[in-house]
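This report refers to the structure that appears directly beneath it.
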2 protein chains.
Amino acid sequence: MAATIGDVARLAGVSRSTVSYALTGKRSISEDTRARIQEAIEELGFTPNAGARALATSQTNVLGLYLQFEEDEFAPAMLQYVLPVSSEAREHGYDLLMVTDPDLEGAVRRTTSSAMVDGVVLLDVTFDDPRLGPLREATQPAVLIGYARNGEGFDSFDLDFGEAARMAVDHLGTLGHRDLALITPPRHVYERGGSYAWRFRDAAIERAARYGMRITTHYGDSRQPGIEAVLDRALSDDSSPTALILHNDATLAALPSYLNARGISSPGDLSVVGLFSHEFGQAFSLPFTSIETSPDQLGRQAVLQLLKRLAGGGSLEAPRARFVEPILVDRGSTRSAL
Amino acid sequence: MAATIGDVARLAGVSRSTVSYALTGKRSISEDTRARIQEAIEELGFTPNAGARALATSQTNVLGLYLQFEEDEFAPAMLQYVLPVSSEAREHGYDLLMVTDPDLEGAVRRTTSSAMVDGVVLLDVTFDDPRLGPLREATQPAVLIGYARNGEGFDSFDLDFGEAARMAVDHLGTLGHRDLALITPPRHVYERGGSYAWRFRDAAIERAARYGMRITTHYGDSRQPGIEAVLDRALSDDSSPTALILHNDATLAALPSYLNARGISSPGDLSVVGLFSHEFGQAFSLPFTSIETSPDQLGRQAVLQLLKRLAGGGSLEAPRARFVEPILVDRGSTRSAL
DNA sequence: CTGAAAGCGCTTACAG
DNA sequence: CTGAAAGCGCTTACAG
């Protein structure tokens, strides 16, 4: 049906190998021949068959992107990671196979061992990520967005959640706040091993303790009415916090409405610091001071590192975890506690 | 490196063709032989090479999903369409190539003519969609999620936006409202040809006129502070509307916060009907009566129709546009105008 | 019920 | 600068 390299060769009056070399640029071709080939390609509307090329070169020019999410996950934030990965990949000539199969391990094994992809990008990484098993068997390099305890041997990129927590606590401490409330990701995130949840919470607690601040922590919910119930509880606590730290997307999205409904003004009655990206803040019209999570940067850096592995060179440094520095963006939702 | 069908054949003591037939199930194999092959496959951890199989069968078992979005698009809603498409595809043995290349036409041409995909799903379809050109040249079947004027010859699935508008107007009309305000998608959606924008607005205007209701329409924004400015304008209009119809994701997300900030209660001071999905409402904690947009249903039906085309059978009916019926979900944000 | 062989459409040493 | 040929790992008529 579609034109093949043989059709092009015939029309241009050259051999198939010459057409191939013209395509790949792997050896020099006379100007005249190249022109004839180019003409033939355009006349026939020829595009090399991807399967055939993959078979011959053992390269697909496709990267696999593996998502993972719970039934009740707050999905809107995920696209922030997917899009930069896709863009960066394409800018370097790679397409993206997006895998959302609930059978995580099977999907990784199937797509890598059938050589559908040249490399792997893991999203929503958990502390003990089951996908790393099949990934170790795979011949393709992989990169994780997130942090896994069993991630030795892999490149990974994640926000420095500990530092993010310290920045938030420090910021409020400097303003004189002594009683903080922290709303964390939902309990199930801890249970399934989302390490960012602990890393942030533990660092916040430790930092607060060092300064002699009180801090109460509360599992957030991802749905109403749970979201409001948790906020009610957190704010009506005996310690009556003067500042709120939010590490929970769904709660952040609902907060403006909640505050207004309860007649709480920020920063007037309550200082607020959230952990979220610029994009997320824009989408949800969040007027809160934030610690930037930089999904765009994480996604793009991860892809670039993966491409480095693919390019090989042998002299690459050993795979390791890298942490992106959080940045505090002041949007005026905090003020002095006095 | 990886085991091939030849390795399996050798280990099982049969020919490569027999292994292949065991794999595809296209001819009967003796119980004994099948068992030996199965054993060999497991021992070697064999998975058929996808490129080789694609080359031999002209089938990749991959579907292409093509996204399209503007720089300032409100992205969070998009995943609602992507995930069901991915799930439905996988449930039928297909993987998903997700394409976000800004060169829309080039990406469609490249991926179809190189036979990377067996079929095409177009998301974010516009009224005159440039991707349909290369798609007509393609040998693969395609399905659109959305509606395109130049879409003849293609299956497409979309919400019946006209009916959705009529439902919203009728609902408010029955409650006695005579003055409505409608916030539409941003102006650029009209400019680039998002037909759902016109279809909804035109139907709303016509229906309101028929009942002798007044309706003002306003282009929504997708970012603050534009969002609030538009709301201010819409509500302070001379006609002082008693009800608000929202066909704008970003405005919907910001509305709870806006209403509370302005001290407007709903439905006390203002009746509100929005066009959004159940999922979207949950994610953003939206307490508004809605016309359900059913992205899950649209995505899954689109994939199923595409798979029908792929299965062929010849006796398929001609491709056509299909419209999903909207459903009104009463969440109590409307009340009698009297 | 099974095998030998051709073919899918590319790439790439090997030769000249 | 170019061509003939082998090979990538499968599938599938063709034979028996």
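Looking only at the range A:205-228, count every residue that is more than 23 Å from the chain's Cα centre (by Cα) and either within 14 Å of A:MET167 (Cα to Cα) or away from chain B (no Cβ under 14 Å) (or both) and tell me the total.
First, the residues of the range A:205-228 that are more than 23 Å from the chain's Cα centre (by Cα): A:205-218, A:224-228.
From the residues that got through so far, the ones that are either within 14 Å of A:MET167 (Cα to Cα) or away from chain B (no Cβ under 14 Å) (or both) too are A:205-218.
The qualifying residues number 14.
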Requested in this report: List the strands (runs of 3 or more DSSP E) that sit entirely inside the range B:219-338 and contain at least 1 residues that are touching a Phe, Trp or Tyr at 6+ places or on another chain (Cβ under 8 Å).
Outcome: B:243-246, B:271-275, B:289-292, B:321-324
Query raised in the report: Looking at (1) in contact with a Gly (Cβ under 8 Å, 6 or more places away or on another chain); (2) at pLDDT below 95, can you tell me which one A:PRO225 breaks?
Result: (1)
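Rundown of residues vs (1) within 16 Å of DNA strand C (Cβ to nearest atom); (2) at pLDDT below 95; (3) within 11 Å of another protein chain (Cβ to nearest Cβ), yes/no style:
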position	(1), (2), (3)
B:ARG36	yes, yes, no
B:ALA40	yes, yes, no
B:ALA50	yes, no, yes
B:LEU63	no, no, yes
B:PHE74	no, yes, yes
B:MET78	no, yes, yes
Query raised in the report: Counting only residues that are within 30 Å of A:ALA243 (Cα to Cα), buried (at least 18 other Cβ atoms within 10 Å of the Cβ) and of a type in the set (A, V, I, L, M, F, W, C), how many does the range A:291-329 have?
Result: 3
Report task. Could you pull out the residue among B:SER266, B:SER277 that is farther than 24 Å from B:ASP202 by Cβ, within 14 Å of chain A (Cβ to nearest Cβ), in contact (Cβ under 8 Å) with a residue 60 or more places away in the chain and surrounded by fewer than 24 Cβ atoms within 10 Å (Cβ to Cβ)? Result -> B:SER266
Report summary line: Among strands (runs of 3 or more DSSP E) entirely inside the range B:85-173, those with 2 or more residues being within 14 Å of chain A (Cβ to nearest Cβ) and among the aliphatic types (A, V, I, L, M) are B:95-99, B:119-122
Query raised in the report: What single numbered condition from (1) in contact (Cβ under 8 Å) with a residue 40 or more places away in the chain; (2) surrounded by 19 or more Cβ atoms within 10 Å (Cβ to Cβ) fails to hold for B:GLY332?
Result: (2)
Requested in this report: For the range A:133-145, indicate whether the set of residues that are out of contact with any Asp or Glu (no Cβ under 7 Å at 6 or more places or on another chain), more than 24 Å from B:PHE46 (Cβ to Cβ), surrounded by fewer than 21 Cβ atoms within 10 Å (Cβ to Cβ) and not assigned by TED's automatic domain parsing to the domain that holds A:SER195 is non-empty.
Outcome: no
Report summary line: Across the range A:121-166, the tally of residues that are more than 15 Å from the chain's Cα centre (by Cα) and hydroxyl-bearing (Ser, Thr, Tyr) stands at 1
Report task. State yes or no: is B:ALA54 within 16 Å of DNA strand D (Cβ to nearest atom) and facing chain A (nearest Cβ under 7 Å)? Result -> yes
Report task. For the range A:3-34, enumerate the residues that are more than 12 Å from DNA strand C (Cβ to nearest atom) and among the charged types (D, E, K, R). Result -> A:GLU31, A:ASP32, A:ARG34
Query raised in the report: Does A:ALA138 satisfy being modelled with pLDDT under 95 and over 22 Å from A:ILE291 (Cα atoms)?
Result: yes
Report summary line: The residue from A:ALA107, A:ALA148 that alone is among the hydrophobic types (A, V, I, L, M, F, W, C) and either outside the structural domain of A:GLU317 (by TED's automatic domain parsing) or closer than 30 Å to B:THR4 by Cβ (or both) is A:ALA107
Query raised in the report: What number of residues within the range B:280-317 satisfy the criterion of being free of Cβ contacts under 8 Å to residues at least 60 places away in the same chain and within 14 Å of chain A (Cβ to nearest Cβ)?
Result: 7
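The values are calculated or read from the model by the stated rules, or taken from the named source; none is laboratory data. From a predicted model like this one, the values you see are computed outputs, not experimental measurements. Ideal geometry is used to build each Cβ from the backbone, glycine not excepted, and the neighbour counts take in all protein chains shown.
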